[in-house]
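What follows is one structure encoded as structure tokens, with my remarks underneath.
The values are calculated or read from the model by the stated rules, or taken from the named source; none is laboratory data. Model, not experiment: these values are computed from the prediction. Positions of Cβ are generated from backbone atoms using ideal geometry, with glycine treated the same way; all protein chains shown enter the neighbour counts. Please note that ligands, DNA and RNA were not included when accessible areas were found on the heavy atoms of the full protein model with its side chains. Shrake-Rupley method; radii C 1.70, N 1.55, O 1.52, S 1.80 Å.
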Amino acid sequence: MKAYKSAILAISIGVFSLSPLIPYNISYAYESQRLKEEAVLDAATELFKSMERKRLEKIWQLISEKSKKEIVELVYKNLLKNNVKSYTKQDIEKDFENGGPIAKAFWDGYLKNFNPKKILDESVWEKVKFEGHDKARIKIKYKKAKLPFYLKMYKEDGKWKVGLIESFGA
């Protein structure tokens, strides 16, 4: 019985001595989650502001590798379809990196059909949901839409990128 009381006393002392740390740990976890969400939201916001200002090189830096590959493939196929054979996929990718004439033509066309202002100013960004440590989705509700849509985000090389094509298509 004495050993039982000693064990209860030791456990009680251990639990009560840790109790001041529990709020700190909860607070730290909350702050860590908030910072992760903020990083995702900042990357997405920066992309749409770059689109609004037509900062072509910055747009290219802020989209996912998969989006980049699909855009290059789409442009390459369209050039071939129009009998323009003087560009390789690498040439097209370099043009997008530098905000060249191909990039300008593509983004001008894309932004005729996609208004980033609607996402920045006319939508409610409801929440960020993480899927592992390198994927996230932002739930966004456009004011005139009945249902929200999900903006897909990917962490690549330590930075959050927008899955533009993965979320909206080309």
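Here the accessible area is traced with a 1.4 Å probe on the protein chains. For the stretch 24-170, carbon and sulfur cover 49 percent of it. Taking the charge dipole of the stretch 43-170 about its Cα centre, with +1 at Lys and Arg Cβ atoms and -1 at Asp and Glu Cβ atoms, the residue from 63, 123, 158 reaching farthest to the positive side is 123. The accessible-area ordering, largest first, of the residues 120, 147, 164, 74 stands as 147, 74, 120, 164, per a 1.4 angstrom probe.
For residue 105, neighbours were defined as the other residues whose beta-carbon sits under 13 Å from its Cβ, and their charges (Lys and Arg +1, Asp and Glu -1) total +1. Taking the convex hull of the alpha carbon positions in the stretch 39-110 and averaging its projected area over all directions gives 4.7 nm². Annotation: amide H of residue 63 within the under-5 Å range of 162, sequence separation 5 or more or interchain, hydrogens built in the peptide plane.
In order along the stretch 74-79, phi translates into HN-Hα couplings of 4, 5, 4, 5, 5, 5 Hz, rounded to whole numbers, per the Karplus curve 6.51 cos²θ - 1.76 cosθ + 1.60 with θ = phi - 60° and x for Gly and Pro.
Accessible surface area normalised per residue over the stretch 41-116 is 58 Å², counting heavy atoms of protein chains with a 1.4 Å rolling probe. Translational diffusion coefficient of the stretch 44-170 (Stokes-Einstein, Kirkwood radius from Cα pairs, 25 °C, 0.890 mPa s): 160 µm²/s.
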